[in-house]
Amino acid sequence: MTSGLMPPITGKKGRILSGIQPTGNLHLGNYLGAIRNWASMQADYQCLFCIVDMHAITVWQEPSELGRATREVAAGYIAAGLDPSANTLFVQSHVPAHAQLAWVFNCVSRLGWLNRMTQFKDKAGKNREAASSGLYVYPNLMAADILVYKATHVPVGEDQKQHLELTRDIAQKFNADYGTQLFPLPKPIIQGPGMRVMSLRDGKKKMSKSDPSVYSRINMTDSKDEIAHKIRKATTDAQPLPGTVEGLEGRPEASNLLNIYAALTDRTLEQVLLETEGWQFSQFKTKLTEAAVSVLGPITTEMKRLISDPREIDHVLARGADSANEIANGVLQEAYNAVGFMSGRN
Ligand code: AMP
Ligand code: TRP
């Protein structure tokens with residue numbers, strides 16, 4: 001059996017798979033809400049971190065931009081501390097088994113399940129007829145990303161919880177339909193709402209790659225001056241900062257900036273409020289800029305170095321694809337056997 005190809009997950013709590021789409025620029029939300037947490041898990045789990053370019057093209061991506069954005073995410077992963085020698089960093093389209101298993105899952109997953117996916121409704125917008133069919137079956141591909149490695153844990157933001165539940169439903173139905181135990185039911189590791197970084201322009205909106213305003217987000221490649229400028233322009237209210245969490249009620253922009261400050265300085269919101277009670281925003285923004293520059297500065301420098309000479313990134317991704325392909329092809333073959341496909345010449 002091909003399952004002999006699966007490297008043992010000895011001495012680890014399990015296997016993690018997660019991914020980011022190479023659309024637009026990586027920003028502070030991606031760092032604080034995702035990549036930084038992944039970095040903290042790499043000692044305890046065997047980790048695969050993917051750049052999901054096949055998910056990206058479910059909505060239009062400029063071909064001349066996609067490769068650049070893919071390398072930028074890889075640079076962000078490495079610069080933010082994901083160790084390419086200890087983890088598998090790779091590009092989704094370099095591992096054909098994702099798409100191959102996704103096809104099988106298109107036949108396992110039910111229309112009724114996909115119809116409930118809120119992200120499709122959000123992304124398709126009003127003109128649903130014009131959405132790509134890829135956008136509709138996006139969650140089946142995501143299930144394949146995870147299950148093609150038999151990942152046991154998946155760190156994601158709140159917004160991906162529903163896709164993880166669908167992944168578990170697909171694993172369960174596949175196992176039941178084909179009388180196998182092939183796929184484990186992966187557990188989500190959900191980042192709490194506390195780590196949702198909001199837009200610098202509107203404290204009620206998530207910081208997002210797709211926000212048309214460049215002032216809404218701090219990019220991981222922003223210079224010190226850009227960071228300072230964006231924080232200076234960030235929306236605030238007219239009151240001084242409160243001393244308690246209750247005092248932040250109804251003040252989304254103040255909450256957001258304080259939460260970012262707490263995350264950047266590795267403290268709780270309560271601890272930060274002890275420092276900043278009674279401050280005006282101008283004083284606070286100076287401190288926030290210092291914190292952002294001191295955390296992001298070294299990451300930005302390293303990202304720029306990696307991007308300026310992509311050979312190192314390309315080498316890491318090629319090696320990553322090799323080890324990902326090795327695992328994924330083994331699991332794909334097991335799935336093909338379970339389905340009953342005639343064995344080919346392999
Ligand atoms: P996306 O940028 O939507 O492709 O998301 C990639 C990863 O970053 C996911 O794990 C998200 O949950 C996380 N993420 C994206 N935006 C934010 C945000 N504003 N705050 C916290 N996490 C975020
Ligand atoms: N859908 C995820 C997002 O938008 C990205 C993603 C694709 C992913 N495949 C995945 C995340 C597998 C975790 C595991 O953020």
(message) I need the full set of residues from region 1-34 which are closer than 17 Å to D83 by Cα, at pLDDT 95 or above and among the aliphatic types (A, V, I, L, M), in order please.
(response) I16, L17, I20
(message) Within region 93-182, considering only helices (runs of 4 or more DSSP H) that don't extend past its boundaries, which have at least 2 residues that are away from ligand 2 (no atom under 15 Å from the Cβ)?
(response) 97-106, 111-115, 161-177
(message) For region 10-32, check the following and say yes or no: at least one residue is over 29 Å from A263 (Cα atoms) and touching a helix residue (DSSP H, G or I) at 6+ places or on another chain (Cβ under 6 Å).
(response) no
(message) Here are the criteria: (1) in contact (Cβ under 8 Å) with a residue 60 or more places away in the chain; (2) within 16 Å of ligand 1 (Cβ to nearest atom); (3) of a type in the set (D, E); (4) assigned by TED's automatic domain parsing to the domain that holds A328. Tell me which single one D222 does not satisfy.
(response) (4)
(request) Among the residues of region 212-236, write down those that are open to solvent by less than 50 Å² (accessible area, probe 1.4 Å) and among the charged types (D, E, K, R). (result) R217, D222, K230
(message) Against the conditions (1) of a type in the set (A, V, I, L, M, F, W, C); (2) within 22 Å of A328 (Cα to Cα); (3) more than 11 Å from ligand 2 (Cβ to nearest atom), where does C50 fall short? Just the number, please.
(response) (3)
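Condition test on S213, is it without any contact (Cβ under 8 Å) to a residue 24 or more places away in the chain and more than 29 Å from E326 (Cβ to Cβ)?
Numbers: without any contact (Cβ under 8 Å) to a residue 24 or more places away in the chain: yes; more than 29 Å from E326 (Cβ to Cβ): yes.
So S213 fits the description; yes.
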(request) Being in contact with a strand residue (DSSP E or B) (Cβ under 6 Å, 6 or more places away or on another chain) and open to solvent by 30 Å² or more (accessible area, probe 1.4 Å) is the filter here, so list the residues in region 131-152 that pass it. (result) T152
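Conditions (1) over 28 Å from I327 (Cβ atoms); (2) away from ligand 1 (no atom under 15 Å from the Cβ), marked per residue:
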| position | (1), (2) |
| --- | --- |
| K121 | yes, yes |
| G134 | no, yes |
| P139 | no, no |
| I146 | no, no |
| V154 | no, no |
| E158 | yes, no |
| D169 | no, yes |
| I189 | no, no |
| M207 | yes, no |
(request) Report, ordered by the first and then the second residue, all pairs with beta carbons closer than 6 Å, sequence separation of six or more or different chains, a first member in region 182-207 that is more than 19 Å from T289 (Cα to Cα), and a second member that is within 11 Å of ligand 1 (Cβ to nearest atom) and assigned to a loop (DSSP other than H, G, I, E, B). (result) Q191/G157; K205/S199
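The values are calculated or read from the model by the stated rules, or taken from the named source; none is laboratory data. The structure displayed is predicted, hence computed values, not measured ones. Cβ coordinates were reconstructed from backbone atoms using ideal geometry, including for glycine residues, and neighbour counts include every protein chain displayed. Surface areas here come from the heavy atoms of the whole protein model, side chains and all, with no ligands, DNA or RNA. Shrake-Rupley method; radii C 1.70, N 1.55, O 1.52, S 1.80 Å.
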